[in-house]
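**Student:** I have a structure I would like to understand better, so I am pasting it below and will then ask my questions one at a time.
Bear in mind these aren't lab numbers, they're just calculated from the coordinates by the rules spelled out. The structure displayed is predicted, hence computed values, not measured ones. Ideal geometry is used to build each Cβ from the backbone, glycine not excepted, and the neighbour counts take in all protein chains shown.
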Amino acid sequence: MAPLLLLFLIPSGLLLLWAMLIYNRLVRLRQHVRESWSDIDVQLKRRHDLIPNLVATVRGYAAHEGDVLDKVIRLRAEAMRGGANPRASTQTEAPLAAGLASLFGVAERYPELKADVHYRALQNELAETEDGIGAARRFFNANVRDYNSLCEQFPSSLVASLGAFRPVDFFELDDAAERVVPRVTAG
């Protein structure tokens, strides 16, 4: 009787151990996804904080370009409200990036603005922030890929479905026009 019981307990114990390991890996990967989303959020906040200073500097040189400047401030406010998840953030950040591109277009028409030390410092900070946003998005998407793969691959998908682990959306753009990146040049 004991050998028959062992034949049942050993495979059951191994199966339970395997399920625990997969569950813990899913939890760890879900935390990586959350952490990497937080990194994107930090970079977007930094961008949002730089925009009013940049607009104020441009406004000092190009006051009659008020509609462009007001549009960028409005888009910034919308982006600050809409970034709770990748899909919502994509829908609000893409128009902001396009607005920044138009702001830099205005700046191109004012050589004295482009020579302003404060403007160039803000432009450099924004360029670094845009690079940080790109890196954070790549990191987020890599974590999402790993997590989603584990959620969807058999047999770990069995543990994922029992543990209520659901795939996460990538941070991606739906429209090619949204892929406009603000052109930031240093001086």
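**Student:** Find how much the distance from residue 154 to residue 78 grows on full extension, using 0.36 nm per residue of separation minus their present alpha carbon separation; answer in nm with one decimal. Please list the in-between numbers first.
**Tutor:** On the way: separation 76, 0.36 × 76 = 27.36 nm, distance 4.09 nm.
Length difference between fully extended and current span is 23.3 nm.
**Student:** Okay, moving on. Could you tell me the extents of the stretch 33-179's C-alpha atoms along the three principal axes, largest first, rounded to whole Å?
**Tutor:** Projected onto its principal axes, the Cα set of the stretch 33-179 covers 63, 24, 23 Å.
**Student:** Follow-up question, since we're still on this one. For residue 101 and residue 17, compute 0.36 nm times the residue count separating them, minus their Cα-Cα distance, and round to one decimal in nm.
**Tutor:** On the way: separation 84, 0.36 × 84 = 30.24 nm, distance 5.37 nm.
Here the answer is 24.9 nm.
**Student:** Test of understanding: what is the full-extension gain from residue 162 to residue 34, defined as 0.36 nm times their sequence separation minus their Cα-Cα distance? Mind showing how you got there, number by number?
**Tutor:** Numbers: separation 128, 0.36 × 128 = 46.08 nm, distance 2.06 nm.
Computed gain between residue 162 and residue 34 is 44.0 nm.
**Student:** For a quick protection proxy, order the peptides 157-168, 128-139 by their average other-Cβ count within 10 Å, most packed first.
**Tutor:** 128-139, 157-168
**Student:** Once the Cα atoms of helix 117-152 and of the chain are each reduced to a long axis, what angle between those two axes, in degrees from 0 to 90 to the nearest 10, is obtained?
**Tutor:** Tilt of helix 117-152: around 20 degrees.
**Student:** Excluding residue 29 itself, what net charge comes from residues whose Cβ is under 14 Å from its Cβ, given Lys and Arg +1 and Asp and Glu -1?
**Tutor:** It works out to a net charge of +3.
**Student:** Helix 2-61 versus the longest principal axis of the chain: what angle, 0 to 90°, nearest 10, using Cα atoms?
**Tutor:** Helix 2-61 and the main axis of the chain meet at about 0 degrees.
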